[in-house]
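J.: Pasting in a structure now, in structure tokens, and then I'll have a few things to ask.
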Amino acid sequence: MIQAPGGPTSTHRALGAHAALIEAVVRSGGLRFDALWELALYEPGIGFYETGGAAGRRADFLTSVELGPLFGACIARRVDQAWNAAGRPDTWTLVDAGAGPGTLVRAVLAAQPECVGALEVVLVERSARQRAGHADLIGWAADREVAVRSQAGLPEGVAGVIVANELLDNLPARVVQRHGGQVQELWVAPGGVAPAFERPGIPAAGSELELTWRPMVGDDAAALAACEWWDNVPDDAPVPWSAGAAEWVAEAQRRLALGILVVVDYGARTSAEVAGRDGWLRTYAQGAVGTDPLENLGGRDLTTDVPFDQLPQPDRLVTQADALACWGIDQLVAAASARLAARPDAALDLARARDISLLNEAPTLVDSAGLGAFLVAEWGAGG
Ligand SMILES: C[S@@+](CC[C@H](N)C(=O)[O-])C[C@H]1O[C@@H](n2cnc3c(N)ncnc32)[C@H](O)[C@@H]1O
């Protein structure tokens, strides 16, 4: 984690960092932290998501989606609610933005939403490596007569629901702080000792990268000063400046012709609250959480708590526990429970295993000390 309250400089040996990332920093003389973050997650052949990193039970981190079928069943309810509110149009699109392996869509379709006859699905995933894994799901959905396509960017003119679960936390953020009367930004620079290159492109063992605070000046400083949330962030409290997440929400809302945009993520209602937390900048790999953003760069997910007050003002902002209640989690659990009670001695078939899973997942999804405290923001069309 960045030292907070932040001294001007903290040095890390970039243990296990991908050589190409160290080289990118060395050759440029220093990269703004968000630029290195971008490379570390998404650079083809190097970044975490382009070299096999993913959500999943046997993968690097677990999301509500990967826990089991219940979250997707609740999203199916939300998709139906929006379809009914729109007057049940003949075509209704579900866009899963930051789809990862596509597990959410599988769960939505398995929940048999009322709108299924009108439904078409778009998986939006920027990682080519993960998109390559969508073929199975597309075939499975075709057997259920639902058209699913997979692409890198958001479609235009969406009439339906765009959902982004744990996407915004993965959009590289800038990191800023006030320190000693100065506004500073986090950069990554070559360490004090210039790394020796044993062979071109291969930094010698022991090459160092250094997290460094640099003064922020000019247009950037003016843009930050104009942000209302910035006024409330205390001195010496580094905070993510999630301009990329705000732009993504504005763009997604612009692409929505009818329906809703639903964003689910960890974070806080205010930037000041994020700044006051320990470990708002985290890494994940094979289920283990880390707090040194430079450790094993390229080999770990890098993620931030999302400061929701930096996003366009939503129409609704509630906790995941409250959102799931509105989307019918209690009824889904009660129905599963009733089905199990009606067949107490039945053999364990797929339907029964699914119902047992629904019952087991519910407490975790609404846990106020965990997933239940995630925030859910919704925007209507026409941003
Ligand atoms: C933390 S994973 C979440 C996966 C899935 N939504 C879930 O909840 O299990 C975030 C995913 O978003 C993808 N991603 C990041 N930026 C994106 C963008 N601008 N558009 C589409 N996908 C993006 C990443 O490649 C990654 O697969």
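J.: Take the residues of the range 80-103 that are in contact (Cβ under 8 Å) with a residue 60 or more places away in the chain and closer than 18 Å to residue 141 by Cβ: which is most open to solvent (accessible area, probe 1.4 Å)?
T.: Taking the candidates together, the pick is 91.
J.: Considering each residue of the range 104-129, count those that are under 24 Å from residue 298 (Cβ atoms) and either more than 9 Å from the ligand (Cβ to nearest atom) or open to solvent by 20 Å² or more (accessible area, probe 1.4 Å) (or both), and give that number.
T.: Step one: list which residues in the range 104-129 are under 24 Å from residue 298 (Cβ atoms), which gives 124-129.
Next, only the ones that are either more than 9 Å from the ligand (Cβ to nearest atom) or open to solvent by 20 Å² or more (accessible area, probe 1.4 Å) (or both) stay: 126, 128-129.
The number of residues fulfilling the criteria is 3.
J.: Which of the residues spanning the range 152-168 are within 16 Å of the ligand (Cβ to nearest atom) and open to solvent by less than 50 Å² (accessible area, probe 1.4 Å)?
T.: Scanning the range 152-168 gives 153, 154, 155, 158, 161, 162, 163, 164, 165, 166, 167, 168.
J.: Among the residues of the range 80-94, write down those that are among the aliphatic types (A, V, I, L, M) and either near the ligand (Cβ under 10 Å from one of its atoms) or farther than 24 Å from residue 171 by Cα (or both).
T.: Initially, the range 80-94 is screened for residues among the aliphatic types (A, V, I, L, M), giving 82, 85-86, 94.
82, 85, 86, listed by residue number.
This table checks each residue for (1) more than 24 Å from residue 376 (Cβ to Cβ); (2) surrounded by fewer than 19 Cβ atoms within 10 Å (Cβ to Cβ).
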{"residue": "300", "(1), (2)": "yes, no"}
{"residue": "319", "(1), (2)": "no, yes"}
{"residue": "326", "(1), (2)": "no, yes"}
{"residue": "339", "(1), (2)": "yes, yes"}
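J.: Of the residues 292, 309, 301, 278, which single one is in contact (Cβ under 8 Å) with a residue 24 or more places away in the chain, in contact with a Gly (Cβ under 9 Å, 6 or more places away or on another chain) and not polar (S, T, N, Q)? Step through it out loud before you land on a result.
T.: Numbers: 292 fails: in contact with a Gly (Cβ under 9 Å, 6 or more places away or on another chain); 309 fails: in contact with a Gly (Cβ under 9 Å, 6 or more places away or on another chain); 278 fails: in contact with a Gly (Cβ under 9 Å, 6 or more places away or on another chain).
Of 292, 309, 301, 278, the one residue that is in contact (Cβ under 8 Å) with a residue 24 or more places away in the chain, in contact with a Gly (Cβ under 9 Å, 6 or more places away or on another chain) and not polar (S, T, N, Q) is 301.
J.: Another question about this same structure. Counting only residues that are in contact with a Gly (Cβ under 6 Å, 6 or more places away or on another chain) and either within 14 Å of the ligand (Cβ to nearest atom) or free of Cβ contacts under 8 Å to residues at least 60 places away in the same chain (or both), how many does the range 251-275 have?
T.: 0
J.: Are there any pairs, at least 6 apart or on different chains, whose C-beta atoms fall under 6 Å, with the first in the range 57-77 and on the phi > 0 side of the Ramachandran plot and among the basic types (Lys, Arg) and the second within 13 Å of the ligand (Cβ to nearest atom) and not in a loop (DSSP other than H, G, I, E, B), and if so, which?
T.: Between residues of the range 57-77 that are on the phi > 0 side of the Ramachandran plot and among the basic types (Lys, Arg) and residues that are within 13 Å of the ligand (Cβ to nearest atom) and not in a loop (DSSP other than H, G, I, E, B), there is no close pair.
J.: To continue, here is another question. Being β-branched (Val, Ile, Thr) and out of contact with any Lys or Arg (no Cβ under 7 Å at 6 or more places or on another chain) is the filter; apply it to the range 235-284 and report the residue that is surrounded by the most Cβ atoms within 10 Å (Cβ to Cβ).
T.: The initial filter retains those residues of the range 235-284 that are β-branched (Val, Ile, Thr), namely 239, 249, 260, 262-264, 270, 274, 283.
Still in the list and also out of contact with any Lys or Arg (no Cβ under 7 Å at 6 or more places or on another chain): 239, 249, 260, 263-264, 270, 274.
Values: 239: 30, 249: 26, 260: 23, 263: 28, 264: 25, 270: 16, 274: 26.
Ranking the candidates gives 239 first.
J.: Within the range 130-147, which residues are closer than 18 Å to residue 60 by Cα and open to solvent by 60 Å² or more (accessible area, probe 1.4 Å)?
T.: Restricting attention to the range 130-147, the residues satisfying the condition of being closer than 18 Å to residue 60 by Cα are 130-131, 133.
Scanning the range 130-147 gives a single hit, 131.
The values are calculated or read from the model by the stated rules, or taken from the named source; none is laboratory data. Please read all numbers here as calculations on a predicted model, not as lab measurements. As a convention, Cβ positions derive from the backbone with ideal geometry for all residues, glycine included, and neighbour counts pool all protein chains shown. Each accessible area value is taken on the protein alone, full model and side chains, heavy atoms only, with ligands, DNA and RNA left out. Shrake-Rupley method; radii C 1.70, N 1.55, O 1.52, S 1.80 Å.
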